[in-house]
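My questions all concern the structure below.
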Amino acid sequence: MSEESLFAIKMAKMSDAELKNHIANKDDYQDFAILTAVLELEKRGIPVENGEEIKQELIASETTKKETVDSSKQENNSFSNQSTALYSTKSIFIFGALFSVFGGGILMALNLFQLNKKNNAFYVIIGSVVYSFILNYVYSFLNLTEKVAISNFTSIDAIFTAILISVVSSLTGVYFLYELFWKKEIPSTTNYRNKSIWKPVVIILLINLVSALILLGSGDFPLK
């Protein structure tokens, strides 16, 4: 039961004299208690001197208090958000363009984990994997698999074509994840501290370097 309801029940049990005492000694009681006393007396048909003026004053006071509390909550939330470091949307798209939709999805998922939105973080990871499988199928269906393969990097035109196809398809996937998950959870107007992207970039580059060395050792990496 709300505090307002409890006040109303309590005031309804008081005598007229007790209610008038609340009004006469306003400094000793809460504003809402005084307002409830005025309303209860009016309900009983007992006129209250300057009743309307008292009600307006008390209602204005309660409204001001509520606005102050709401403002304080917003400031606390804002401070909490700004104290959280997240990868920016721009970083996520750049990372996705450079290192595939799965790379962009990982950054997005890390942000969601940071905000304790674990379910959506897992959905983003699953979505990244599913999109990657679908993309491989589309490449195969459209005979694009060879064009985006490292083994096909035999000329400037081939490299440019592979990069263009990869970037466009990856950005499309990141955009879908952004619209389905990130945009709904984190409005664009929300402010956060930007988290440095260099650590994940270095990790991905090291992984790619190791992969390239393995391909080089196996003889599958194009040298000409």
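Could you please find all residues in the range 172-224 being at pLDDT 80 or above, aromatic (Phe, Trp, Tyr) and more than 26 Å from Asn136 (Cα to Cα)?
Trp198
If you scan the range 13-37, which residues turn out to be among the acidic types (Asp, Glu) and surrounded by 11 or more Cβ atoms within 10 Å (Cβ to Cβ)?
Scanning the range 13-37 gives Asp16, Glu18, Asp31.
Name the one entry in Ile92, Ile126, Ile165 that is under 17 Å from the mean Cα position of the chain (by Cα), among the β-branched types (Val, Ile, Thr) and either at pLDDT below 80 or in a helix (DSSP H, G or I) (or both).
Ile92
The values are calculated or read from the model by the stated rules, or taken from the named source; none is laboratory data. For clarity, every value in this text was computed on a predicted model and none was experimentally measured. Because the Cβ atoms are built from the backbone with ideal geometry, glycine has one as well, and the counts that use them run over all protein chains shown.
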